[in-house]
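I have placed the structure first, in the form of structure tokens, so that the comments after it can refer back to it.
Every read-out reported here was derived from the displayed coordinates using simple, explicitly stated rules and does not represent laboratory data. Values in this document were obtained by computation on a predicted structure and should not be read as measured data. No Cβ is skipped: glycine too gets one built from the backbone with ideal geometry, and neighbour counts run over all protein chains shown.
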Amino acid sequence: MKKILTIICFITLSTTAFAQTKAYSNAVKKCIQSNGTIAYYENVVDQMYTMIEERFEAQNVPASVWKEIRQGKGQAMTDLSNQIVSAYQGYFTLADVKKMNALYATEAGKNMFKKEALSEGDKIILNEFYQSETGQKIVSSQTDMNASMSKISESWSGGLYKGVIEFLSEKGYNL
């Protein structure tokens, strides 16, 4: 009987932990979509593909191969998102990420990422947010988060580049 109860408790805790992890992951992915991180890295991928195509121009790689390579962008973005989720976990709770998402859904939050000047009302809202506990976590972790993001970016982009070059090599195209 004790074994059965132990197994039931284990399954219940595992299911709860998985649900919380999934909720956290989804919240961070929404956050990095809203704050422009994903759009930035999608552009990075596109630029990388263009640069590699230019480097292999003399190899006469068919358009079908480039199309196949570009189809890997979705998985590359998923991999990056998962790595960023891990970085966030070291600094922010699910409640923090939900507060960030709530801010990014406001006009002030949206305007924060535009190149236009913020209105006085936007400045007040953003100032209040950054004085909150979550805002202070963002400010105090900024240096460490930037370092983490830099490492993630370097590792991820290097792996992506290497993967494309290996794929081309397997297809018989080398520099």
Inset, instruction - State, to one decimal in nm, how far the label point of Q136 lies from the label point of Q71, with both points 7 Å from Cα in the Cβ direction. - result: 5.2
Inset, instruction - Multiply the residue separation of Y91 and S155 by 0.36 nm, subtract the distance between their alpha-carbon atoms, and state the gained length in nm to one decimal. - result: 21.0 nm
Inset, instruction - With 19 Å as the limit, write out which pairs from K99/K151; K99/K137; K30/K99; K114/K137 have Cα-Cα distances beyond it, or answer none. - result: K99/K151; K114/K137
Inset, instruction - Return the calculated 222 nm mean residue ellipticity for the chain, to the nearest 500 deg cm²/dmol, obtained by summing -39500 (n - 2.57) across DSSP H runs with n ≥ 4 and dividing by the residue count. - result: -28000 deg cm²/dmol
Legend entry - Dipole moment magnitude, nearest 20 debye, segment 78-175 about Cα centre, only Lys, Arg, Asp, Glu C-beta charged: 100
Inset, instruction - Indicate the helices, whole DSSP H runs only, in the chain that combine a mean Kyte-Doolittle hydropathy of 0.0 or more with a Cα extent along their long axis of 18 angstrom or more. - result: 2-34
